[in-house]
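A short worksheet on the structure shown next.
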Amino acid sequence: MTPHDVRRGLTVLVGAALLSASLAGCATVAGISDPPTGTVGGAVSGTRAQSIAAEVMDTAQKAAAAPGADGDTLRDAAYTGDALTAAKADAKLAGTLTQDQKDALALTPAAPVVLAVSNGLSYPRSMVVQTTRSKSGLPVLSLLVTPDVRTPFKIAASAPMLPATEVPAFDQVTQGAPSLGDDPAGLAVDPATLAGAYAASLAYPTAAATADQPFTDDAFGSKVKAAAKTQADQLTSGGTFTEQHAAKDVAGGLRLAGDRGALAFAVMERKDTVLNKSSGAINVSDPFKVLTGLSSVKAEATLDTLEFVVFVIPQSGQSQVVGAQEHLVAASGT
């Protein structure tokens, strides 16, 4: 294998972090007009929820455009947890994106739509918010959370919906929706277990065998597995490629109306590793250079990606991935 062969492999691998931007087609977020199924009441009013969502999403958009410390301050105000890690990494890599990639990520100027708010007066509280991609028209689902009365709502997870998917209706915002919580009662599978099984199914070259797969096949998983195979094929005999996925966290979610189950936001970690068996150096891509400061690698290159995956989990039967987004967050080489 020549150094060019390895470089091509790394370029494909880094490009895979934007897989979901290439998934186009129809997706549907069901309305919130179903009759209420409870009388507890939303944690915040519909008007207040809309105001919060608009403010948070506006801050996130400003953060993406703001340079330096100003951008960091805005990101800290708009995001939390793994979503903040992803947003900071995105900012570092913004200069490596093509105009087409930037256009694919842009949102319409329309106000965000609050699809659901957690019910009751206790904390933590959450809400599900929808925005829309300008170019593809795909809805983007975001989970906003607050742990206590002193902390404002922030984005904990976000992902565009996949083509030909649908989110069933929630209870009306005024009634509120039960939180996903730690108790999986009433769901076909525990969200953490589901995320773990899904992550294991994406490993390359050998995915975990699952007798009773708790999820249906989906466009995101197919794209990830196809990209991994392409990566490995390009390395030929001069190197090896492996890809491991692991469930990191269930960021949260809300129960759907009636007996429809729940919408859950999960976070997975992916590690891609290229081992060079040739005498040449690995010529790395621009994103790799930005994250590591290295212009070439002789022996091994690894890239770490956060994967945000949104599941619809029914009361019985297989769950479905309805949204997914990747963010390259770290890299290393020797």
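The values are calculated or read from the model by the stated rules, or taken from the named source; none is laboratory data. These figures come from a predicted structure and were not determined experimentally. Positions of Cβ are backbone-derived with ideal geometry, glycine not excepted, and every protein chain shown enters the neighbour counts. Remember, those area values only see protein heavy atoms, side chains included, never the ligands or the DNA or RNA. Shrake-Rupley method; radii C 1.70, N 1.55, O 1.52, S 1.80 Å.
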Task: Yes/no for residue 181 being surrounded by fewer than 22 Cβ atoms within 10 Å (Cβ to Cβ), under 18 Å from the mean Cα position of the chain (by Cα), of a type outside the set (Ser, Thr, Tyr) and in a loop (DSSP other than H, G, I, E, B) - done: no
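On the basis of being under 29 Å from residue 179 (Cα atoms), modelled with pLDDT of 95 or more and either of a type in the set (A, V, I, L, M) or in contact with a Lys or Arg (Cβ under 9 Å, 6 or more places away or on another chain) (or both), does residue 118 make the cut? Give the steps one after another, and end with the answer.
Details: under 29 Å from residue 179 (Cα atoms): yes; modelled with pLDDT of 95 or more: yes; either of a type in the set (A, V, I, L, M) or in contact with a Lys or Arg (Cβ under 9 Å, 6 or more places away or on another chain) (or both): yes.
Taking the combined requirement at face value, the residue satisfies it.
Suppose the filter is among the aliphatic types (A, V, I, L, M) and part of a loop (DSSP other than H, G, I, E, B); does residue 128 pass it? Give the steps one after another, and end with the answer.
Values: among the aliphatic types (A, V, I, L, M): yes; part of a loop (DSSP other than H, G, I, E, B): no.
Judged against the criteria, residue 128 is not a match.
Going by what's in this entry, would residue 262 be described as over 20 Å from the mean Cα position of the chain (by Cα) and open to solvent by less than 20 Å² (accessible area, probe 1.4 Å)? Before the answer, list the steps.
Numbers: over 20 Å from the mean Cα position of the chain (by Cα): no; open to solvent by less than 20 Å² (accessible area, probe 1.4 Å): yes.
So residue 262 fails the test.
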- [ ] Hey, can you tell me all the residues within region 249-274 that are in contact with a Phe, Trp or Tyr (Cβ under 8 Å, 6 or more places away or on another chain) and farther than 28 Å from residue 186 by Cβ?
- [x] 272, 273, 274
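Might you let me know whether region 95-118 holds any residue that is under 15 Å from the mean Cα position of the chain (by Cα), crowded, with 23+ Cβ neighbours inside 10 Å and in contact (Cβ under 8 Å) with a residue 40 or more places away in the chain?
There is no residue in region 95-118 that is under 15 Å from the mean Cα position of the chain (by Cα), crowded, with 23+ Cβ neighbours inside 10 Å and in contact (Cβ under 8 Å) with a residue 40 or more places away in the chain.
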TODO: Could you grab the pairs with beta carbons closer than 9 Å, sequence gap of 6+ or different chains, first residue in region 206-232 and on the phi > 0 side of the Ramachandran plot, second one open to solvent by less than 40 Å² (accessible area, probe 1.4 Å) and of a type outside the set (S, T, N, Q)?
DONE: none
TODO: Being open to solvent by 40 Å² or more (accessible area, probe 1.4 Å) and of a type in the set (S, T, N, Q) is the filter here, so list the residues in region 300-334 that pass it.
DONE: 315, 316, 318, 320, 332, 334
Task: Test result for residue 70, free of Cβ contacts under 8 Å to residues at least 60 places away in the same chain and either open to solvent by 30 Å² or more (accessible area, probe 1.4 Å) or over 26 Å from residue 322 (Cβ atoms) (or both) - done: yes
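Test residue 297 against the stated conditions and say whether it is farther than 22 Å from residue 231 by Cα and either open to solvent by less than 30 Å² (accessible area, probe 1.4 Å) or among the aromatic types (Phe, Trp, Tyr) (or both).
Details: farther than 22 Å from residue 231 by Cα: no; either open to solvent by less than 30 Å² (accessible area, probe 1.4 Å) or among the aromatic types (Phe, Trp, Tyr) (or both): yes.
Spelling it out, it is not the case that residue 297 is farther than 22 Å from residue 231 by Cα and either open to solvent by less than 30 Å² (accessible area, probe 1.4 Å) or among the aromatic types (Phe, Trp, Tyr) (or both).
Taking only region 119-143 into account, find how many residues are aliphatic (A, V, I, L, M) and exposed (fewer than 14 other Cβ atoms within 10 Å of the Cβ).
Number of matching residues: 1.
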- [ ] Go through region 145-168 and count every residue that is out of contact with any helix residue (DSSP H, G or I) (no Cβ under 6 Å at 6 or more places or on another chain), closer than 16 Å to residue 77 by Cβ and open to solvent by less than 10 Å² (accessible area, probe 1.4 Å).
- [x] 1
- [ ] For region 155-170, indicate whether the set of residues that are over 20 Å from the mean Cα position of the chain (by Cα) and of a type in the set (Val, Ile, Thr) is non-empty.
- [x] no
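Among the listed residues 215, 241, identify the single one that is in contact with a strand residue (DSSP E or B) (Cβ under 6 Å, 6 or more places away or on another chain), of a type in the set (Phe, Trp, Tyr) and closer than 27 Å to residue 166 by Cβ. Explain how you work it out, then say what you get.
Values: 241 fails: closer than 27 Å to residue 166 by Cβ.
Among 215, 241, only 215 is in contact with a strand residue (DSSP E or B) (Cβ under 6 Å, 6 or more places away or on another chain), of a type in the set (Phe, Trp, Tyr) and closer than 27 Å to residue 166 by Cβ.
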Open item on the list: Restricting to region 297-314, name every residue that is more than 27 Å from residue 157 (Cβ to Cβ) and free of Cβ contacts under 8 Å to residues at least 40 places away in the same chain.
Closed with: 297, 298, 299, 300
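Just the residues that are free of Cβ contacts under 8 Å to residues at least 24 places away in the same chain and part of a strand (DSSP E or B), please, taken from region 145-167.
Of all residues in region 145-167, those free of Cβ contacts under 8 Å to residues at least 24 places away in the same chain come to 146, 150-151.
Selection gives 146 alone.
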Task: Among (1) open to solvent by less than 30 Å² (accessible area, probe 1.4 Å); (2) modelled with pLDDT under 90, the one test that residue 236 misses - done: (1)
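Only residues that are among the aliphatic types (A, V, I, L, M), closer than 25 Å to residue 114 by Cα and either open to solvent by 40 Å² or more (accessible area, probe 1.4 Å) or more than 20 Å from the chain's Cα centre (by Cα) (or both): list them for region 47-67, please.
Passing the criteria: 49, 52, 54, 64, 65.
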Task: Test set (1) in a strand (DSSP E or B); (2) at pLDDT below 95; (3) open to solvent by 40 Å² or more (accessible area, probe 1.4 Å) - residue 249 fails condition number - done: (2)
